[in-house]
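Taking it in order: structure first as structure tokens, then the write-up.
The values are calculated or read from the model by the stated rules, or taken from the named source; none is laboratory data. It should be emphasised that the depicted structure is a prediction, and the values quoted were computed from it without experimental measurement. Positions of Cβ are backbone-derived with ideal geometry, glycine not excepted, and every protein chain shown enters the neighbour counts.
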Amino acid sequence: MSMALRNMAAVRVSAPVVLSTVAPQATPRPVTALHRRSFLVIDPQALVRHGLALTLTSHHAGAQVMQAATLDEAGEMLRRGTAADLIVMDVDGLGQDKAVQVAGFTAAVAPTPVILMASGPTGAEARGFLAAGVRAVLSKNDPSDVLEHAVALALSGEDYVLMPRPSLVPEAPSIPSGGLDMAGLGTLTGRQREIFELLVEGCSNKEIARRLGVLEGTVKVHVRAMMQKLGARNRTQVAVLAARCARRPGHAA
């Protein structure tokens, strides 16, 4: 089982208990033809489209998979009467204003569900695409099983969306345009350096005060002084710088 699916819980449905001692003779039901799914794959790369088509038909026997290289080509196909149960589209080749283009396309093809694929979408990007109307945002690095489950969820008609777990985690605050003053690290006092190293460990002001045997107010005073030396606007940016320094080769505690 892939790592992407290990967080999903399976529920076993027990067999019903038969109360009667004599089972009635069952009347055979006529076999009806299964609905043949139709998909539309949109990607500028022919080999990628072909791979997605093979993946979809491997999970949906007899499915018809149409292919388009651009949104304009896909839109023309749909205007000519091409019907699709679901659309899988690439977003990397859309250029700027991706969310705007996605919103316009999903509105035009509604209520057909759209699954979007991107190369490492950020949390903000994934949330923007979902707000634009797509039913799932997948990374191109995901295994095919993830696409299978996303397709099943989108076709279920239920009002759920699928997104990468990292998209739910708040992103680190941005650094000011001028950047932080790395040279300011050399101006820190011995006590400030101790506090900085504890920030690397992710300690709060209260934890730092306890470990250094000082008052929490004293820690706050030192942090404010460090903010001035490092050009940071708040304590969080000092912690971000501390974390970056910790990842640098040769960083010594």
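Within region 118-131, is even one residue aromatic (F, W, Y), closer than 21 Å to V146 by Cβ and either buried (at least 18 other Cβ atoms within 10 Å of the Cβ) or at pLDDT below 90 (or both)?
Restricting attention to region 118-131, the residues satisfying the condition of being aromatic (F, W, Y) are 129.
Within this subset, residues satisfying the condition of being closer than 21 Å to V146 by Cβ are 129.
Subset that is either buried (at least 18 other Cβ atoms within 10 Å of the Cβ) or at pLDDT below 90 (or both): 129.
Scanning region 118-131 turns up at least one residue that is aromatic (F, W, Y), closer than 21 Å to V146 by Cβ and either buried (at least 18 other Cβ atoms within 10 Å of the Cβ) or at pLDDT below 90 (or both).
Across region 59-85, what is the number of residues that are part of a helix (DSSP H, G or I) and either within 25 Å of K98 (Cα to Cα) or modelled with pLDDT of 90 or more (or both)?
9
Hey, does region 167-181 have a residue that's modelled with pLDDT of 85 or more and either over 16 Å from the mean Cα position of the chain (by Cα) or surrounded by 12 or more Cβ atoms within 10 Å (Cβ to Cβ) (or both)?
No, there is no match, as no residue in region 167-181 is modelled with pLDDT of 85 or more and either over 16 Å from the mean Cα position of the chain (by Cα) or surrounded by 12 or more Cβ atoms within 10 Å (Cβ to Cβ) (or both).
Restricting attention to region 35-49, report how many residues are modelled with pLDDT under 95 and more than 14 Å from T70 (Cα to Cα).
Residues flagged as modelled with pLDDT under 95 and more than 14 Å from T70 (Cα to Cα) within region 35-49 amount to 5.
Just give me the residues in region 75-99 being in contact with a helix residue (DSSP H, G or I) (Cβ under 9 Å, 6 or more places away or on another chain) and among the hydrophobic types (A, V, I, L, M, F, W, C), in sequence order.
Passing the criteria: L78, A84, L86, I87, V88, M89, V91, L94, A99.
Could you tell me which numbered condition K98 fails, if it satisfies all but one of (1) under 18 Å from M163 (Cβ atoms); (2) at pLDDT 90 or above; (3) among the basic types (K, R)?
With respect to (1) under 18 Å from M163 (Cβ atoms); (2) at pLDDT 90 or above; (3) among the basic types (K, R), K98 is out only on (2).
What do you reckon, is L94 in contact (Cβ under 8 Å) with a residue 40 or more places away in the chain, under 24 Å from the mean Cα position of the chain (by Cα) and assigned by TED's automatic domain parsing to the domain that holds L116?
no
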